[in-house]
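Worksheet: one structure, shown below.
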Amino acid sequence: MKHQKVLILDFGGQYNQLIARRVREHKIYCEVKSYKTPIDEIRQMNPQGIIFTGGPNSVYLDSSPKMDKEIFELGVPILGICYGAQFMVYGLGGKIEKANDTAVAEFGRTDCQFDTKSLLFKGLKKKSVVWMSHNDHIATLPEGFKAICHSDKCPYGAIENAQKKLYGTQFHPEVNHTEQGFDMLGNFLYNVCGCVGDWTMEEYAQTAIRDIRAKVGSGKALLALSGGVDSSVACKLLAKAIGSQLTCIFVDHGLMRKNEGDEVEAAFADSGVNFVRVNAGERFISKLKGVAEPEAKRKIIGEEFIRVFEEEAKKIGKVDYLVQGTIYPDVIESGAGDAAVIKSHHNVGGLPDYVDFKEIIEPLRMLFKDEVRVLGLALGLDEKLVWRQPFPGPGLAIRIIGEITPEKIAILQDADAVFREEIAKARLDREINQYFAVLTNMRSVGVMGDGRTYDYTLALRGVSTTDFMTADFSRIPYDVLETVSRRIVNEVKHINRIVYDITSKPPATIEWE
Ligand code: XMP
C-alpha cells in the first residue's frame, strides 16, 4: 500500500527534524526537503500537505531563502511556521515588519488566545501558552487572510485563508513548550489536509521488504553487524527480505560487554542469513599488548577490524550490495534528503574500498532512531538489542585505562554487568541514556576481612543527554549506588574502591579513555 506523504520544506530552521518527528508521531509519513526543491518535483511527490519550517532570516534580505510562489497555487494545504508564515504572507502580498520598528519581538513563553472556529484550533482550549521566537512579525495580511490567534503584543499570532487551506503560525507548534502544539499539528494534518494516519512500522516493514526483494533480485548482499540497534534492525529486515542471499559478518573483537557476543549470535544465527561470527579476541589483544595511549588503541582496533572484515568478505567472493544502517538524522544533516550525499562509510567506521559492490542499500534511511526501535520490535528483534545503549566501536578497550590485559577485560566485564543489572532492577535503564563502568589504572590500599588489599579503583558513569554532544551526569539514587558498590567489591575480585563520576560534558567527555 502506498502511504500518504507530507512534505516539510526546510527554510533553515533549527527545529526541522522536530517537526518531522511530530508529523510521524501522528502516524503520517513525511519527508524534509530543501526549500530549493523544484516545483515540478514537489508536484510529482503529490504531498497531502506541506509545512514550511522556520528560519533564521528576515524575508526582506536578498539572501533569505525564498521559493517559487507557484507553491501557493498547487492547491495543497500549507502550514507556515514562524519564518515559514512570514514567507507565506510576503509571498502573497502582505507585509512583514522588523521588530525594532514596533518593539513586538517575542521570545519564549507567550499567552495566546485562539479562534477555535478555525480548523487549526478546533477542539482546543481558547487560551494557552505558545513558544514564540521571532524578531520580525506580520504587519499586514494578504487578501483573503484573517487572524485566528493573538497575544497581547502580537495581533497575528496565527492566520488563515481557510478557502485556500493556507495557515501560518508566528509561534512554534512543534516544541513541547507550546502547550497544545501537538494537537494543532494534528488538526492541520487530519482536519485540513485530510490525512488518515496510515504510517505504521508494520506497514513500513512490509513495503521495505518488498522493495528490497525487487532491488536485490537473486543478487548477494553483505552487512557488517556490530550488534548496535541500527545494524541489528537492518539485519533483521534484510533477513526477512532475502534470507540466505545476505551474509552478515560480526567481528567479535573480544572487547564487548559480558555475554554480548553470544547475545548477538543468538539473535541472528538462526535467522536464515549466512551469519559469520569471527572470534578475533586473541588477535586484537595481541595487537594491543603494551599499548596504553587511547588514540593508539583506537587506531589499532580500527585497522584490525578492517583487516578481519576484509579476510572474511574475500571468502564470500563478489557481492552486489552493501547494507548500511544509516538513519534519517544522518540524511537530513548531510543535505535534506539529497540523495547525492550518501555517507557510505558512516556506520561501519570505514569499510575497505576494495569491497566491490554495485550499490549501497540503506533500509533505515527514512527512519528516526525511535522508529528504528519500533521497527526492531515489529520484526521480533530481541528487546535487549532493541534497547541497547550506545556502545563505542573500540568497546571496552577505551574503558580500560592504560594497558589492556585479558584479566582486566574480565574484571571490567563482571563489574559492568553488576552495574547494568542493578540499574535495570531500579528501572532506570530507559531513563539514563548511557551508563557503564570504567576500570581505572589506579590502585590503592583497602582492607577486606582482616587483610590488606592493593587493588583497582572502578569508576561508574551515568549520563543524561539527548544528542551525546553535551551531557549531564545522572542523579542515580544513593541507595542504588550503594547496592552496586557493595555487590561489586564483594563479587568482583581485584576491585576495592568505587567512585561515581559527577562531571558533565563539557568539560569531560562521556567516555573515559
Ligand atoms: P564522548 O566520550 O566523545 O562520547 O563524549 C560521545 C558518545 O560517542 C560514543 N563513542 C563512540 N561511538 N564509535 C562509536 O560508535 C566510537 O569510536 C566511539 N567513541 C565514543 C560514546 O559511547 C558516547 O555515547
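Please compute the net charge surrounding LEU412, taking Lys and Arg as +1 and Asp and Glu as -1 over other residues with Cβ under 11 Å from its Cβ. Please report the intermediate quantities before stating the final value.
Working: positive: ARG257, LYS258, ARG399, LYS408; negative: GLU407, ASP414, ASP416.
Local charge sum for LEU412: +1.
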Sum up the charges of everything whose Cβ sits under 12 Å from the Cβ of ILE148, counting Lys and Arg as +1 and Asp and Glu as -1, but leave ILE148 out.
+2
Under 19 Å from a label point 7 Å along Cα→Cβ of ALA214: give me every residue in region 358-381 with its amide N that close.
359-367
So how strong a dipole does region 273-312 carry about its Cα centre when Lys and Arg Cβ are +1 and Asp and Glu Cβ are -1, to the nearest 20 debye?
140
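For an R0 of 60 angstrom, estimate the FRET efficiency from the Cβ-Cβ distance between ASP479 and LYS358 and round to the nearest 0.05.
On the way: r = 57 Å, r/R0 = 0.95.
Once rounded, the FRET efficiency stands at 0.60.
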Please list the non-local residues whose amide H lies under 5 Å from the amide H of ASN135, H modeled 1.01 Å from N, same-chain partners needing a gap of 5 or more.
none
Checked against the positive end of the charge dipole of the chain (+1 on Cβ of Lys and Arg, -1 on Cβ of Asp and Glu, about the Cα centre), the farthest of ASN274, GLN180, ASN433 is GLN180
Expressed in angstrom and rounded, the centroid-to-centroid distance over alpha carbons for region 271-334 and region 16-39 is 34
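Based on alpha-carbon atoms only, what is the radius of gyration of region 93-180 relative to the globular estimate 2.2 N^0.38 Å?
On the way: Rg = 12.4 Å, N = 88, 2.2 N^0.38 = 12.1 Å.
Ratio of Cα Rg to 2.2 N^0.38 Å: 1.03.
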Residue by residue through region 30-42, which ³J(HN,Hα) values in whole Hz follow from phi under the Karplus form 6.51 cos²θ - 1.76 cosθ + 1.60 (θ = phi - 60°), with glycine and proline marked x?
8, 10, 9, 10, 5, 4, 7, 4, x, 3, 4, 5, 5
Cα→Cβ-extended label distance, 7 Å offset, between TYR500 and ASP111, nm
4.1
With +1 on the Cβ of every Lys and Arg and -1 on the Cβ of every Asp and Glu, the dipole magnitude of the chain about its Cα centre, in debye rounded to the nearest 20, is 480
Over the chain: helical MRE at 222 nm, DSSP H runs n ≥ 4 each giving -39500 (n - 2.57), nearest 500:
-9500 deg cm²/dmol
Among PRO477, VAL492, THR465 - extreme Cα towards positive end, dipole of region 405-500, charges at beta-carbon
VAL492
Could you give the radius of gyration (one decimal) and Dmax (whole number) of the Cα atoms in the chain, in Å?
26.9, 89
Quick check: convex hull of the Cα atoms in region 403-465, volume per residue, rounded to a whole Å³?
110
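Work out, in µm²/s and without decimals, the Stokes-Einstein translational diffusion coefficient of region 5-192 at 10 °C, 1.306 mPa s, Rh from Kirkwood over C-alpha pairs.
Details: Rh = 16.1 Å.
D = 99 µm²/s.
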Amide proton proximity set for GLY49, modelled H, under 5 Å, gap of 5+:
LEU7
Quickly work out the GLU303-to-LYS125 label distance, labels modelled 7 Å from Cα along the C-beta direction, and quote it in nm with one decimal.
6.3
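Coordinate-derived values only; no laboratory data. Quick caveat: nothing in here was measured; it's all calculated off a predicted structure. Every residue, glycine as well, gets a Cβ built from its backbone with ideal geometry; the counts of neighbours run over all protein chains shown.
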